[in-house]
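The values are calculated or read from the model by the stated rules, or taken from the named source; none is laboratory data. For clarity, every value in this text was computed on a predicted model and none was experimentally measured. Note: ideal-geometry Cβ built from the backbone for every residue, glycine included; neighbour counts use all protein chains shown.
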Amino acid sequence: MFPDSDNHSYPKSLSTTFLGTSPDASPEQEGSFTRAQLKAALEAAYQAGADRAKKQEKHTADPDMLFWQLMDNLPDNVYFKDTRSRFICVNRAQARFLGVEEPNDAIGLSDFDFFPEKLAKIQFQEEQEIIATGKGYSLHEEKHLKDDVLERFIVSSKLPLKDSAGKVYGTFGISRDVTERYLAEREVQRQRNLLEAIIDILPCRIFVRDLDDRFVLANQTYKTALGIKSSQEIIGHTLAEFSDEERVAKIKAEDQRVREKGEPILNQIDFDLSVFKKDSWIVTSKVPLRGSDGSIEGIVGMTYDITEQKLAEEEARTLSEKLRHKNAQFEAELLVARQLQETLMSIGFDENRQYSKSGTNWDLRSSYFYKPSHHLAGDFFDLIQISDSKVGVLVCDVMGHGVKAALVTMLLRGLISEFADILDQPGRVLGQLNKRLCSLAEDQEFPRFTTAVYLTLDLDTGQARVANAGHPGPLWKTRDQHGRELFEPCPSGEIGPALGLIPEQEFPRHEFTCQDTTEFLLYTDGIIEQKDAMGNEFGILKLEELLLNNKGDDLAEQLKTIKSALKLTAGTEDFDDDICIVAVKMQPKAPKTGA
């Protein structure tokens with residue numbers, strides 16, 4: 001607080017106005033008020049004003065009454081100070097602001113009694129400057145900080161307080177706490193800056209135009225496309241200033257529909273309708289810009305150049321058409337290759353897939369079912385004419401599908417023709433095939449892993465020989481001790497590893513002699529591993545069951561039954577893996593009767 005704060009004087013004009021003293025008071029009387037006297041005089045002035053109001057018989061306005069009613073009800077902070085910046089009058093709003101209960105409690109005190117010294121000094125120096133110069137200010141913005149954090153934001157006016165002669169004897173002011181508004185405006189500005197930053201970094205061109213087609217906003221991408229650097233070069237300008245009239249007329253007509261009907265345009269694709277360059281594809285979206293009352297004030301739009309995308313799509317369509325043509329050509333060639341593959345396997349079979357051959361004592365019948373999962377299969381069979389009385393049946397399963405696997409099948413078929421002198425020895429045949437496939441080990445892309453089973457049958461003696469290289473064993477139909485037919489694995493002795501794995505591997509053969517009518521079924525694993533919708537495999541037991549239930553049918557009919565069961569399991573005619581089944585029936589000839 002200032003020194004001598006309780007012993008101060010007030011000019012006569014101030015005393016007369018606020019304290020009710022006589023304008024004719026002597027100089028000794030002026031300036032002799034203490035703070036207590038000043039408060040008492042102020043309270044008396046309040047009461048005198050109230051008494052005068054009661055005594056008035058006419059409805060004439062009393063200046064003092066009007067003044068105090070205004071002071072008590074004005075929401076803004078109002079104060080009066082003397083030449084030493086001490087409060088001589090405050091309204092209730094200012095009293096609340098200062099933190100006192102009644103306005104009179106602030107009389108005689110200064111800003112040093114209510115605010116930090118740093119802020120109080122600023123206010124004091126400011127008011128002393130006004131008193132010295134007689135010049136104040138209006139609507140001045142002030143930030144009140146506490147620990148460098150905004151506490152309040154105030155808009156104030158402060159002016160010199162003069163007597164009737166124009167002499168300055170203090171200051172008065174009015175202020176309003178606008179902190180909430182200031183914070184709201186600051187947040188709005190922050191959001192606006194954020195929005196502008198986002199709009200500017202978007203790769204699409206964004207703009208806003210008013211009802212007169214003048215630009216209100218254009219993002220950086222839009223300005224860059226027009227070849228301009230600053231917003232001043234486009235804001236307030238019309239579209240016609242940047243493009244030819246024909247293009248502008250089309251765009252204005254489109255904008256007018258949006259403004260008049262209020263219907264947006266979303267993701268509209270146009271060719272050659274751009275202010276930026278000719279022969280371009282753009283995607284456009286436009287929506288009406290509405291004011292707070294819902295009325296349309298302009299248009300907001302976005303355009304994006306998709307010329308490169310369109311050209312890429314066109315190129316893709318052209319390439320796709322070429323690829324489709326090539327695929328069709330390739331499919332046709334694969335179909336021919338598939339037909340050739342099956343034709344080579346079916347040599348000796350008739351159009352019903354039936355094969356027959358007779359020897360001295362035995363008749364042989366055979367049929368097959370073959371269904372690749374792809375155009376070309378890795379499964380194959382070969383019915384080999386070893387001699388007039390001997391037949392060999394080779395069934396192989398090459399790892400994988402398609403062209404590579406099919407090439408291995410052709411290779412194996414070609415190799416078989418080189419082993420004419422050992423074709424009746426299954427173990428040696430598999431050994432030679434294994435040796436050739438192992439020689440391909442250096443080519444990692446070549447599918448050499450192959451399983452195989454080779455069965456030879458002698459139609460003179462009924463002797464059978466078989467060797468197995470990692471392949472599912474053949475099934476054969478026999479009779480138990482009670483004469484009942486059953487299918488079980490054909491005795492094949494030791495099963496060797498798959499072909500193409502171990503060089504110089506030997507494959508032992510197993511021999512046995514057919515005593516009665518015997519049926520053999522050679523197959524690849526595609527049939528038993530076919531799964532249904534629940535993931536259950538077809539399995540070898542089901543295969544045996546089908547063969548037993550259809551024992552009275554010929555071989556072709558039995559294979560049709562298997563095909564139908566496979567289709568039912570898979571739920572389609574397209575199987576998971578290649579399907580290859582060869583059925584062979586050895587039947588002894590009836591003895592000849594005499595004449």
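Identify, by number, the condition in (1) more than 30 Å from Ala165 (Cα to Cα); (2) modelled with pLDDT of 90 or more; (3) of a type in the set (Phe, Trp, Tyr); (4) under 60 Å from the mean Cα position of the chain (by Cα) that Phe112 doesn't meet.
It is condition (4) that Phe112 fails.
Does Ser417 count as in contact (Cβ under 8 Å) with a residue 40 or more places away in the chain and of a type in the set (Gly, Ala, Ser)?
Values: in contact (Cβ under 8 Å) with a residue 40 or more places away in the chain: no; of a type in the set (Gly, Ala, Ser): yes.
Spelling it out, it is not the case that Ser417 is in contact (Cβ under 8 Å) with a residue 40 or more places away in the chain and of a type in the set (Gly, Ala, Ser).
As an exercise: evaluate Ile282 against (1) in a loop (DSSP other than H, G, I, E, B); (2) among the β-branched types (Val, Ile, Thr); (3) over 19 Å from Arg192 (Cα atoms) and give the number of the one condition it does not meet.
With (1) in a loop (DSSP other than H, G, I, E, B); (2) among the β-branched types (Val, Ile, Thr); (3) over 19 Å from Arg192 (Cα atoms) applied to Ile282, the lone miss is (1).
Among Gly535, Gly493, Gly500, which is without any contact (Cβ under 8 Å) to a residue 60 or more places away in the chain and under 23 Å from His401 (Cα atoms)? Working first, answer last.
Details: Gly493 fails: under 23 Å from His401 (Cα atoms); Gly500 fails: without any contact (Cβ under 8 Å) to a residue 60 or more places away in the chain.
Residue meeting the stated conditions: Gly535.
To keep it simple, each residue is scored yes or no on (1) touching a strand residue (DSSP E or B) at 6+ places or on another chain (Cβ under 7 Å); (2) modelled with pLDDT of 85 or more.
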site: Ile234; (1), (2): yes, yes
site: Ser243; (1), (2): no, no
site: Arg257; (1), (2): no, yes
site: Glu260; (1), (2): no, yes
site: Phe271; (1), (2): yes, no
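Quick check, is Glu126 of a type outside the set (Lys, Arg) and loosely packed, with under 12 Cβ neighbours inside 10 Å? Talk me through it step by step, then tell me what you get.
Values: of a type outside the set (Lys, Arg): yes; loosely packed, with under 12 Cβ neighbours inside 10 Å: no.
For Glu126, the condition - of a type outside the set (Lys, Arg) and loosely packed, with under 12 Cβ neighbours inside 10 Å - is not met.
Looking at segment 134-148, which of the residues that are under 15 Å from Glu117 (Cα atoms) and surrounded by 12 or more Cβ atoms within 10 Å (Cβ to Cβ) is modelled with the highest pLDDT?
Here the answer is His144.
Among the acidic types (Asp, Glu), touching a residue at least 24 places away in the same chain (Cβ under 8 Å) and either closer than 23 Å to Leu183 by Cα or in contact with a helix residue (DSSP H, G or I) (Cβ under 9 Å, 6 or more places away or on another chain) (or both), is that true of Asp111?
Details: among the acidic types (Asp, Glu): yes; touching a residue at least 24 places away in the same chain (Cβ under 8 Å): yes; either closer than 23 Å to Leu183 by Cα or in contact with a helix residue (DSSP H, G or I) (Cβ under 9 Å, 6 or more places away or on another chain) (or both): yes.
Yes; evaluated as a whole, the condition is true for this residue.
Name the single residue that is farthest from Gln220 (Cα to Cα) among those in segment 277-307 being hydrophobic (A, V, I, L, M, F, W, C) and in contact with a Lys or Arg (Cβ under 8 Å, 6 or more places away or on another chain). Before you say what the answer is, go through the steps one by one.
As a first pass, look at segment 277-307 and keep what is hydrophobic (A, V, I, L, M, F, W, C): 281-283, 287, 289, 296, 299-300, 302, 306.
In the following step, the residues that additionally are in contact with a Lys or Arg (Cβ under 8 Å, 6 or more places away or on another chain) were identified as 281, 296, 299-300, 302.
Details: Trp281: 20, Ile296: 25, Ile299: 18, Val300: 15, Met302: 13 Å.
Filtering first and then ranking leaves Ile296.
Are any residues in segment 166-224 in contact (Cβ under 8 Å) with a residue 40 or more places away in the chain, touching a helix residue (DSSP H, G or I) at 6+ places or on another chain (Cβ under 8 Å) and of a type in the set (Lys, Arg), and if so, which ones?
Answer for segment 166-224, where residues must be in contact (Cβ under 8 Å) with a residue 40 or more places away in the chain, touching a helix residue (DSSP H, G or I) at 6+ places or on another chain (Cβ under 8 Å) and of a type in the set (Lys, Arg): Lys167, Arg205, Arg209.
Can you tell me how many residues in segment 174-228 are touching a Lys or Arg at 6+ places or on another chain (Cβ under 7 Å), within 30 Å of Phe87 (Cβ to Cβ) and among the charged types (D, E, K, R)?
1
Considering only residues of segment 500-544 that are of a type in the set (Lys, Arg) and in contact with a strand residue (DSSP E or B) (Cβ under 9 Å, 6 or more places away or on another chain), which is farthest from Glu485 (Cα to Cα)?
Taking segment 500-544 and keeping what is of a type in the set (Lys, Arg), we get 509, 531, 542.
Restricting the remaining residues to those that are in contact with a strand residue (DSSP E or B) (Cβ under 9 Å, 6 or more places away or on another chain) gives 509, 531.
Numbers: Arg509: 26, Lys531: 28 Å.
Of everything passing the filter in segment 500-544, Lys531 is farthest from Glu485 (Cα to Cα).
If I filter segment 474-505 down to residues being touching a helix residue (DSSP H, G or I) at 6+ places or on another chain (Cβ under 6 Å) and part of a loop (DSSP other than H, G, I, E, B), which single residue comes out as modelled with the highest pLDDT? Spell out how you get there, then give the answer.
Kept after step one, since they are touching a helix residue (DSSP H, G or I) at 6+ places or on another chain (Cβ under 6 Å), are these residues of segment 474-505: 487, 499-500, 503, 505.
Subset that is part of a loop (DSSP other than H, G, I, E, B): 500, 503, 505.
Details: Gly500: 86, Pro503: 86, Gln505: 91.
The selected residue is Gln505.
Tell me, which residue of segment 204-225 that is among the basic types (Lys, Arg) and in a strand (DSSP E or B) is nearest to Ser285 (Cα to Cα)?
Let us first name the residues in segment 204-225 that are among the basic types (Lys, Arg), namely 205, 209, 214, 223.
Still in the running and in a strand (DSSP E or B): 205, 209, 214.
Working: Arg205: 10, Arg209: 14, Arg214: 18 Å.
It comes out as Arg205.
From the set of residues in segment 358-388 that are in contact with a strand residue (DSSP E or B) (Cβ under 7 Å, 6 or more places away or on another chain) and of a type in the set (S, T, N, Q), which is surrounded by the fewest Cβ atoms within 10 Å (Cβ to Cβ)?
Here is the first cut: in segment 358-388, the ones in contact with a strand residue (DSSP E or B) (Cβ under 7 Å, 6 or more places away or on another chain) are 361-371, 378-386.
Of the ones still in play, those that are also of a type in the set (S, T, N, Q) are 361, 366-367, 385.
Values: Asn361: 14, Ser366: 25, Ser367: 23, Gln385: 12.
Going through the qualifying residues, I end up with Gln385.
Being among the polar types (S, T, N, Q), at pLDDT below 85 and out of contact with any helix residue (DSSP H, G or I) (no Cβ under 6 Å at 6 or more places or on another chain) is the filter here; which residues of segment 524-557 pass it? If you could, list the steps in order and put the result at the bottom.
If we filter segment 524-557 for residues that are among the polar types (S, T, N, Q), which is where we start, we get 524, 530, 536, 549-550.
Adding the requirement that they be at pLDDT below 85 leaves 549-550.
Within segment 524-557, Asn549 is the sole residue that qualifies.
Among residues belonging to segment 376-427 that are part of a loop (DSSP other than H, G, I, E, B) and of a type in the set (Ser, Thr, Tyr), point out the one that is nearest to Thr360 (Cα to Cα).
Here is the first cut: in segment 376-427, the ones part of a loop (DSSP other than H, G, I, E, B) are 376-378, 386-389, 399-401, 417-419, 423-425.
If we keep only those that are of a type in the set (Ser, Thr, Tyr) too, we end up with 387, 389, 417.
On the way: Ser387: 13, Ser389: 8, Ser417: 26 Å.
Ranking the qualifying residues of segment 376-427, first place goes to Ser389.
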